[in-house]
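See below for the structure under consideration.
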Amino acid sequence: MEGTVFAPALEGFKAVKSEQGEILTKPFLDVCKQILPVIDKFGAAMTLVKSDIGGNITRLESKYESNPAAFNLLYSLVQVEIEAKTAKASSSCTNGLLWLTRAMDFLVELFRNLLEHQDWAMSEACTDSYGKTLKKWHGWIASSTFSIAMKLAPDRKKFMEVIGGNGDVMGDIEKFCDAFTPLLQENHKFLVDMRDRMKLKNNPLMDDAGSGVPFPEILS
């Protein structure tokens, strides 16, 4: 392997934003896809995470490909659903972007753990990262399933050797986390802003029965 398994994503980050500083749909999704080979190296422990990430990438990519010019900017996928009042649907791109961002939060936190806690076993790094990110959004069944999967986490030393190739793996992990974190924070800020605007407009969002409904679970 030339360089580490992070090399394609690190290169992809260079094209994620437009000259105006806006996140572009295809480059952002391409970076997310370039993380899938990293997840593969975790084996069975990350099967559910990979499936979830892959499904949300496909959902967003399909919408983008339906009209690349209209959906060149990532947040246009959400804005069109807000205008059409379809953002709350479980199959919406809004929901897809939310869960994709949450899953990437988990991965960034995991890689930070590997960087900052070099004495931790892989299962400990995974469990700690999950507790700080995805766990609060998961129900009991999902949390239990994840806990069981973590028991299948690979040996840390072997994992680091596999993803390292002939490059500086610790250096690339740090670069990856530093590059991805602000993009994920920007996604969360945008989604929260959209939720707040919708609450003000609709005072608050109501379902057909007249009860308050959160913008697809976004973010308390």
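The values are calculated or read from the model by the stated rules, or taken from the named source; none is laboratory data. Keep in mind it's a predicted model, so treat the numbers as computed, not measured. Virtual Cβ from ideal backbone geometry, glycine too; neighbours counted across all protein chains shown. To get the accessible areas, we keep the full protein, side chains included, count just its heavy atoms, and leave off ligands, DNA and RNA. Shrake-Rupley method; radii C 1.70, N 1.55, O 1.52, S 1.80 Å.
So what are the three principal axis dimensions of region 31-135 from its Cα atoms, in whole Å, longest to shortest?
49, 23, 22
With semi-axes √(5λ) of the Cα gyration tensor in Å in mind, check (1) 41, 21, 19; (2) 31, 21, 14; (3) 27, 24, 15 and report the label derived from this structure.
Read-out taken from this structure: (2).
Helix-only mean residue ellipticity at 222 nm, the chain, DSSP H runs n ≥ 4 weighted -39,500 (n - 2.57), per residue, nearest 500. What is it?
The per-residue figure over the chain is -20500 deg cm²/dmol.
Under a GNM of the chain (C-alpha, springs under 10 Å), which listed residue has the highest mean-square fluctuation: GLU81, GLU19, GLU186?
The residue that fluctuates most here is GLU19.
Round to the nearest 10 and give me the degree value, 0 to 90, for the angle of helix 47-66's Cα axis relative to the longest principal axis of the chain.
50
For region 154-168 and region 71-148, compute the distance between their C-alpha centroids and round to whole Å.
24
Would you mind getting the accessible area per residue of region 1-70, heavy atoms of the protein chains only, 1.4 Å probe, in Å²?
For region 1-70, the solvent-accessible area averages 48 Å² per residue.
Could you work out the Kirkwood radius for region 45-104, taking every pair of different alpha carbons, averaging 1/r and inverting it, reported in Å?
Evaluated on region 45-104, it is 11.8 Å.
In whole percent, how big is the carbon plus sulfur part of the accessible area of region 4-48, probe 1.4 Å, protein atoms only?
With neighbouring chains kept in place, the figure for region 4-48 is 56 percent.
With Cβ to Cβ distances under 14 Å as the rule, what net charge do the other residues near PHE13 carry (K, R +1; D, E -1)?
Value of the local net charge: -1.
Of the cross-linked pairs LYS14/LYS189; LYS41/LYS132; LYS132/LYS199; LYS33/LYS85; LYS33/LYS63, which ones have a Cα-Cα span greater than 25 Å in the structure shown?
Too far apart for the 25 Å limit: LYS132/LYS199; LYS33/LYS85.
Please determine, in degrees from 0 to 90 and to the nearest 10, the orientation of helix 122-132 with respect to the longest principal axis defined by the Cα atoms of the chain, where the helix direction is its Cα long axis.
Roughly 20 degrees between the two axes.
On C-alpha positions alone, give me the angle between the axis of helix 140-150 and the longest principal axis of the chain, in degrees, nearest 10.
That helix lies at roughly 20 degrees to the long axis.
Please list, in chain and number order, the residues 5+ apart from LYS17 or on another chain whose amide H is under 5 Å from its amide H, with Hs placed from the backbone.
LEU24
Report, ordered by chain and residue number, the aspartates and glutamates lying within cross-link reach of LYS17, taken as a straight Cα distance under 16 Å and ignoring same-chain residues fewer than 8 apart.
Reachable aspartates and glutamates: ASP30, ASP178, GLU186.
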